[in-house]
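Have a look at the structure below, then the notes.
The values are calculated or read from the model by the stated rules, or taken from the named source; none is laboratory data. Every value quoted in this text rests on a predicted model; they were computed, and no experiment measured them. In this analysis, Cβ positions are derived from the backbone assuming ideal geometry, glycine residues included, and neighbour counts consider all displayed protein chains. SASA here: full protein model, heavy atoms, side chains in, ligands and nucleic acids out. Shrake-Rupley method; radii C 1.70, N 1.55, O 1.52, S 1.80 Å.
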Amino acid sequence: MTEAWRIRPAGAADVPRLRDWAVAMALETEHKRLDPATVEAGIRAVLDEPRRGAYFIAERGGEPAGTLMLTYEWSDWRNGDWWWIQSVYVAPASRRQGCYAALYRHVHEAAKATPRVCGLRLYVEHNNAGAQRTYESLGMVDAGYRMYEAAIPRD
């Protein structure tokens with residue numbers, strides 16, 4: 001029998017691993033090279049100010065295997081918060097073993113137990129069919145929106 005997944009909040013000791021996973025995820029899914037120092041500072045900013053979000057880590061046998069980050073968006077239409085799932089990464093050796101599903105179930109249950117949370121959202125690259133199938137298998141649906149952005153360059 002396979003040992004169950006354990007989900008825990010990330011802490012300061014996890015920052016190097018979270019940084020490396022974020023850099024790997026961006027390269028793998030979007031072919032983007034991120035600056036590790038900037039990513040690390042961004043992760044620390046979340047851990048230092050929980051109003052920004054939270055990171056969770058999935059472990060099995062005491063070994064970290066995957067992560068996701070939650071951020072929060074207020075909805076005046078619903079008088080509640082959407083929890084956005086971001087920075088999803090599962091180490092290659094742990095893929096297709098239920099790691100992400102365990103992370104998702106954890107935050108889904110937490111959302112249901114938290115008053116004023118109206119739902120979970122995430123965004124996914126148009127051509128990431130594998131991730132889309134995973135999200136759909138967990139009951140998520142295409143929300144029908146396109147995302148636009150206007151980056152503000154900072155030197």
task: Pop out the ³J(HN,Hα) list for the range 98-105 in order, Karplus 6.51 cos²θ - 1.76 cosθ + 1.60 with θ = phi - 60°, rounded to Hz; leave Gly and Pro as x.
output: x, 4, 5, 4, 5, 4, 4, 4
- prompt: What's the longest bit of the chain with no exposed trypsin sites (Lys or Arg not before Pro), using DSSP loop states and at most 12 other Cβ atoms within 10 Å as the test?
  reply: 34-77
task: Show 43, 152, 7 ordered by accessible area, largest first, where the area counts protein heavy atoms only and the probe is 1.4 Å.
output: 152, 7, 43
Convex hull volume per residue for the range 47-102, taking Cα atoms only, in Å³: 97 Å³
query: Would you list 118, 99 from the most to the least accessible area, probe 1.4 Å?
result: 118, 99
field: Over the range 42-150, volume per residue of the alpha carbon convex hull, in Å³
entry: 141 Å³
task: Roll a 1.4 Å probe over the protein heavy atoms and report the accessible area of residue 63 in Å², nearest 10.
output: 120 Å²
field: Difference of contour (0.36 nm per residue) and Cα-Cα distance, residue 131 to residue 154
entry: 5.2 nm
- prompt: So, with a 1.4 angstrom probe, what is the percent of accessible area on the range 24-105 that is carbon and sulfur?
  reply: 53 percent
statement: Computed over the chain, protein heavy atoms only, probe 1.4 angstrom, the accessible area per residue in square angstrom equals 66 Å²
task: Please label the shape of the range 105-149 as rounded, prolate or oblate, based on the square roots a ≥ b ≥ c of the eigenvalues of the alpha-carbon gyration tensor (a/c under 1.5 means rounded; beyond that, a/b larger than b/c means prolate, else oblate).
output: oblate
- line: Of the range 115-155, those with amide N under 12 Å from the point 7 Å along the Cα→Cβ vector of residue 28 are 131
